[in-house]
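To keep things clear, I will list the structure first and then write my remarks on it.
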Amino acid sequence: MSSNEFYNELKDVDASRESRLKYAHFVLNDMSLFPKLIDIMFRVDDKMSYYAAWVFEFVCDEYIYAIVPYLDTFCNSIKNVHLDSAVRPIAKVCYFIAQEYDSKQPNTLKKMLKPIHREQIIEVCFDWLIGKQKIAAKAYAMDTLFLLGKNYPWVHPQLTQILEKDFQTQSAGYKVRAKRILKKL
């Protein structure tokens, strides 16, 4: 399937879990589509980018190791994503990466995730946390920063400072997640 054909195919994705899962399985069954999915996802001014991000999240949820050959592309490009509907699934994938990296078990992602990748993820998560993102992206950013911050002594104090400073002005959802993270810190 060509990139243009795949792009047109993604026009049928909708926000329902069933639709996102259907297209994720479509990609998982033909992994030659995965780099095309990433390419479309990082066309950050195109509305289709968030359809691609929705599918990307579900692919990574099912098989996080699909991202390993594309870590450079992913980590170099996430800072450019700005559409709210694309930021949330990308923030969730950052959390998936952090979870896998924090795993007690040796794994491919842990081996392939370079310090520069972790630093790029940390940087964008702080940007999302202090920016105008919606609560879901901020919540995933908090969790990601907590996990990756275990290896960077400066991250947890910064995270604590931001969460405490913003606590009173944020939504109830933010407060619940922030309380949980602050207890762990």
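The values are calculated or read from the model by the stated rules, or taken from the named source; none is laboratory data. Note that the structure is a prediction, hence the values are computed from the model and not measured. Using ideal geometry, Cβ is built from the backbone for each residue, glycine included, and neighbour counts are taken over all protein chains shown. Note: areas computed on protein heavy atoms with side chains; ligands, DNA, RNA excluded. Shrake-Rupley method; radii C 1.70, N 1.55, O 1.52, S 1.80 Å.
Key figures
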{"read-out": "Estimated vicinal HN-Hα couplings, Hz - region 60-77 in sequence order (Karplus 6.51, -1.76, 1.60; Gly, Pro = x)", "value": "5, 5, 7, 8, 4, 5, 4, 7, 3, x, 10, 4, 4, 4, 4, 5, 6, 9"}
{"read-out": "Solvent-accessible heavy-atom area per residue, rounded to whole Å², over region 22-75 at 1.4 Å", "value": "40"}
{"read-out": "From the C-alpha gyration tensor of region 17-78, square roots of 5λ in Å", "value": "17, 15, 9"}
{"read-out": "Within region 68-82: backbone nitrogen closer than 15 Å to the residue 114 label point (7 Å, Cα to C-beta)", "value": "68-77"}
{"read-out": "P(r) weight above 24 Å for the chain, C-alpha pairs, percent", "value": "37"}
{"read-out": "Cα-based radius of gyration of region 44-119 once divided by 2.2 N^0.38 Å, which approximates compact folds", "value": "1.08"}
{"read-out": "FRET efficiency, residue 25 to residue 152 (Cβ-Cβ, R0 30 Å, nearest 0.05)", "value": "0.25"}
{"read-out": "Virtual spin-label span in nm between residue 127 and residue 16, 7 Å along Cα→Cβ", "value": "3.5"}
{"read-out": "Sorted peptide list for 131-142, 155-166, criterion being average Cβ within 10 angstrom, highest first", "value": "131-142, 155-166"}
{"read-out": "Normalised alpha carbon radius of gyration of region 76-132 [divisor 2.2 N^0.38 Å]", "value": "1.17"}
{"read-out": "Distance (nanometres) between label positions extended 7 Å along Cα→Cβ at residue 1 and residue 185", "value": "4.2"}
{"read-out": "For region 112-185, convex hull volume per residue from C-alpha positions, Å³", "value": "80"}
{"read-out": "Inter-label distance for residue 105 and residue 166, nm, one decimal - labels placed 7 Å from Cα along Cα-to-Cβ", "value": "3.3"}
{"read-out": "Electrostatic dipole magnitude of the chain [Cβ: Lys, Arg +1; Asp, Glu -1; Cα centre; debye, to 20]", "value": "900"}
{"read-out": "Cα-based helix-to-principal-axis angle, 155-166 vs the chain, degrees rounded to 10", "value": "80"}
{"read-out": "Accessible-area value, residue 100, 1.4 Å probe, nucleic acids and ligands omitted, Å²", "value": "50"}
